[in-house]
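Undergrad: Got a structure for you, written out below as structure tokens; questions coming shortly.
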Amino acid sequence: MRLLPRLGLLLLLPGCAGLPVPDWADPSSLWQTLWEAPPPEAEADAPQPGFAPPPDGAPALGLTWQGRRALARLVQQNGENRLWRSAGGLVVATDGARVVATAGLREWIAGSRLDGPDPLDEPLAIPARPVGLRRQIDLMRNSRKPDEMRFGLSLTCRVSAGPAGAALLIREGCRGGGHSFTNRYWADPATGGIYRSEQWVGEAGMMLLEVVTPPSS
């Protein structure tokens, strides 16, 4: 099983032993960033016709959810693990192209686990015929109350890929725990680099992520 950060739980219980520690260069700064995400919900940045890169050329993601938009800048990176934060306080943690944790929404993704390797690590190897994937997600309310946490939401997913115009489109259809959704990832068919995705982030539904300025590898 591939373990991805259970950020919300670590945030609430930083002194508890036996919990998985995220693979970040400085976990204390990660917890601080998440703790500062404002309840009850992060404010969206001012509406704009398109996401302009930051003037300093810093890596950035364009985020769109529930009719809201925000530009999130890279604030921490350790390999493929990255932490992004918008000016309004929305925080998104990614492992490669996959969203593994959020903060600043009414419901947060506190952690994510995969049973086996992530197909998104090798997009060009994903077959056209769907293959199975099992995933677990931990959810929590922005009140951070332990009795409002939901751990181990079990999802059964089917992943496939195929051409879509000039892109390779990866579809990840998931069901479980009363939820049904399809994540989509757009990749360069030559390199496999994923530059756009639409992913389920809990109560807020689907979030569109667009690479505005790519991070360094």
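Throughout, read-outs are computed from the coordinates displayed, never taken from laboratory work. Keep in mind that this is a model prediction, so the values were computed, not measured. Positions of Cβ are backbone-derived with ideal geometry, glycine not excepted, and every protein chain shown enters the neighbour counts.
Undergrad: What per residue convex hull volume, in Å³, comes out for segment 38-169 when only alpha-carbon positions are used?
TA: In segment 38-169, the Cα hull volume divided by residue count equals 147 Å³.
Undergrad: Roughly how many whole Å is it from the C-alpha centroid of segment 156-191 to that of segment 59-109?
TA: Taking the Cα centre of each part, segment 156-191 and segment 59-109 sit 20 Å apart.
Undergrad: Ranked highest first by the average count of other Cβ atoms within 10 Å around their residues, in what order do 87-96, 156-165, 64-73 fall? Spell out each step's value before the answer.
TA: On the way: 87-96: 21.2, 156-165: 15.1, 64-73: 18.0.
Those peptides, ordered most packed to least, come out 87-96, 64-73, 156-165.
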